[in-house]
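Working notes, structure below.
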Amino acid sequence: MPEHLHDVVVVGGGPAGLVVALGCARAGMDVVVCEKRTGVIDKACGEGLMPGAVRALTALGIDPPGYPIEGITYRQGAMAAHAAFRAGPGRGVRRTALHDALRAEVLRHGVTVLPIAVTDLSQHGDHVRAGGLRARYLVAADGLHSAVRGLAGLSEGRTSRSAGTPRWGLRRHYALAPFTNAVEVTWAARSEAYVTPVGPDTIGVAILSSVRGGFTEQLAAFPDLVTRLSGAEPVSSVRGAGPLRQRTSNRVAGRVLLVGDAAGYVDALTGEGLAVSLATAAELVRCLRAGRPSDYDRAWKRTSRRSRWLTEGLLWARGHPVLARRIVPAAVRAPRLFAAVVDQLAR
Ligand SMILES: Cc1cc2nc3c(=O)[nH]c(=O)nc-3n(C[C@H](O)[C@H](O)[C@H](O)COP(=O)(O)OP(=O)(O)OC[C@H]3O[C@@H](n4cnc5c(N)ncnc54)[C@H](O)[C@@H]3O)c2cc1C
């Protein structure tokens, strides 16, 4: 019997992979997902869905439980600048809740999620092979440290020009009523703390830093936050990720297409990873439906450009101590400019 040929194999059952699988299934394609982890998946994430991500999920009929977010507050010492979202609400959503909602919808569409860790890839004239499966196309959605990206020859090493200072992220949850219904970002000398409400009695604390260290050690750079968290019970273990910056030479190599963090990542400091993953996943499905996978790289660049440029700009300022100290004061002094930047992030 001839070996089965799927239309699409998706490697990675995180948000990007599941949204691609859903789009392919809804378009009538034969799609299968390989996910190395089983059960409901958690991940180091700030868990703030920007308004654009909430809208994209709503358009897919997905409505994960969470806590409404109406804007972003930047803090430094006694200074605070706040900008409200003008493009509708965002939402703080536990990654477990997001995964549960996406996976349920994918399974409802009859997509099989196989417990396979993909470690091989070979491309042939009219198909690709990986993880013991054969498909016309393979979508690599295997996250920040994508193995498939390397196997497809699309990873770009660090160059002295592009390297910058590596940054890492850590997160933990606490049983505490949200302080506000904004994402609060507190800036310290070499790190930022992001407090995101994810439920009426739970907040997430994510710390992004250019120095490595444990969560408690990193938290010590934010004495006000330490005071506010004192006595609150941690309700999740610490999870980490990094280095955050990952460069790719292209998003397409033959029959392999990259999406989500696997497609390249700048930093989490603008909190747009999920919004960009969802938007580029939709573009990828559009290109496959049109039978034009080679159009996807251009579509990815166009769709992610605003986010990449804003994140690169802010990261550049963050990397210069004199400028970094002036980010929050500038947001306080120029509230309209701050609101305009937040608007761009929220789209
Ligand atoms: C500290 C931190 C804070 C962040 N804060 C925010 C935020 O507030 N808002 C926001 O929008 N974004 C945020 N992000 C970014 C966001 O988490 C990512 O952009 C998002 O998770 C990307 O989704 P993904 O599906 O591409 O990757 P992932 O969620 O990483 O999923 C990849 C999946 O692939 C699977 N996998 C990996 N290798 C293989 C393999 N070989 N075979 C099979 N399966 C495999 C993994 O098990 C995983 O389930 C943050 C990131 C970090 C690190």
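Where a number appears in this text, it was derived from the coordinates with a stated rule and is not lab data. All values derive from a computational prediction rather than experimental measurement. No Cβ is skipped: glycine too gets one built from the backbone with ideal geometry, and neighbour counts run over all protein chains shown.
Counting only DSSP beta bridges with both residues in the chain, what percent are antiparallel, rounded to the nearest 5? Expressed as a percentage, antiparallel bridges in the chain total about 70. Less than 5 angstrom separates the built amide H of residue 131 from those of 119, 120, all sequence-distant by 5 or more or on a different chain.
Under 1.5 on a/c is rounded, so check that first for region 1-62, then, if it is not, pick prolate when a/b is larger than b/c and oblate when it is not; a ≥ b ≥ c are the square roots of the alpha carbon gyration tensor eigenvalues. Taking the square roots of the gyration eigenvalues as a ≥ b ≥ c, region 1-62 is oblate. Using only Cα coordinates, the Kirkwood hydrodynamic radius of region 140-238 works out to 15.4 Å.
For region 20-112, applying the loop criterion from DSSP together with a ceiling of 16 other beta carbons within 10 Å to the GluC sites (Glu not before Pro) yields 70. Here, region 276-337 is characterised by an Rg to Rh ratio of 1.24, where Rg is the alpha-carbon radius of gyration and Rh the Kirkwood radius. All other residues whose Cβ lies under 12 angstrom from that of residue 132 are scored, Lys and Arg at +1 and Asp and Glu at -1, for a net of 0.
Here the simple spin-label model places points 7 Å from the Cα toward Cβ, and for residue 156 and residue 235 these points are separated by 4.2 nm. Coupling constants for region 180-194 follow from the phi torsions by the Karplus curve (6.51 cos²θ - 1.76 cosθ + 1.60, θ = phi - 60°), and in residue order they are 8, 9, 10, 7, 9, 10, 9, 9, 10, 4, 10, 7, 10, 10, 10 Hz; glycine and proline get x. Rounded, prolate or oblate: which fits the chain, taking a ≥ b ≥ c as square roots of the Cα gyration tensor eigenvalues, rounded meaning a/c under 1.5, else prolate when a/b beats b/c? Prolate. Distances between placed amide hydrogens fall under 5 Å for residue 220 paired with no residue 5 or more residues away or on another chain. Once you reduce region 290-328 and region 196-212 to the center of their Cα atoms, the two points are 22 Å from each other. Taking a ≥ b ≥ c as the square roots of the eigenvalues of the Cα gyration tensor of region 55-167, is the shape rounded (a/c under 1.5), prolate (a/b larger than b/c) or oblate? Oblate is the answer for region 55-167, as a/c is 1.5 or above yet b/c matches or exceeds a/b. Net charge dipole, region 65-169: roughly 220 debye, given to the nearest 20, about the Cα centre with Cβ charges of +1 for Lys and Arg and -1 for Asp and Glu. Note on the chain: with charges restricted to the Cβ of Lys and Arg (+1) and Asp and Glu (-1), its dipole about the Cα centre is near 960 debye.
Radius of gyration (Cα atoms) of region 74-119, expressed as a multiple of 2.2 N^0.38 Å: 2.00. Overall, region 222-347 carries a charge dipole of about 500 debye about its Cα centre when +1 sits on the Cβ of Lys and Arg and -1 on the Cβ of Asp and Glu, all other atoms neutral. Putting +1 on Lys and Arg Cβ atoms and -1 on Asp and Glu Cβ atoms, find which of 53, 117, 69 reaches farthest to the positive end of the dipole of region 1-145. So the residue we want is 69. In this structure, residue 38 and residue 177 have a Cβ-Cβ separation that, at R0 = 41 Å, corresponds to a calculated FRET efficiency of about 0.80. Over all pairs of different C-alpha atoms, region 200-320 has a mean inverse distance whose reciprocal, the Kirkwood radius, equals 16.9 Å. Quick check: the distance between the Cα centres of region 223-271 and region 23-78, to the nearest angstrom? If you average the Cα positions of each part, the centres end up 13 Å apart.
Can you give the helix-only mean residue ellipticity at 222 nm for the chain, where every DSSP H stretch with n ≥ 4 adds -39500 (n - 2.57) and the sum goes over all residues, rounded to the nearest 500 deg cm²/dmol?
-10000 deg cm²/dmol
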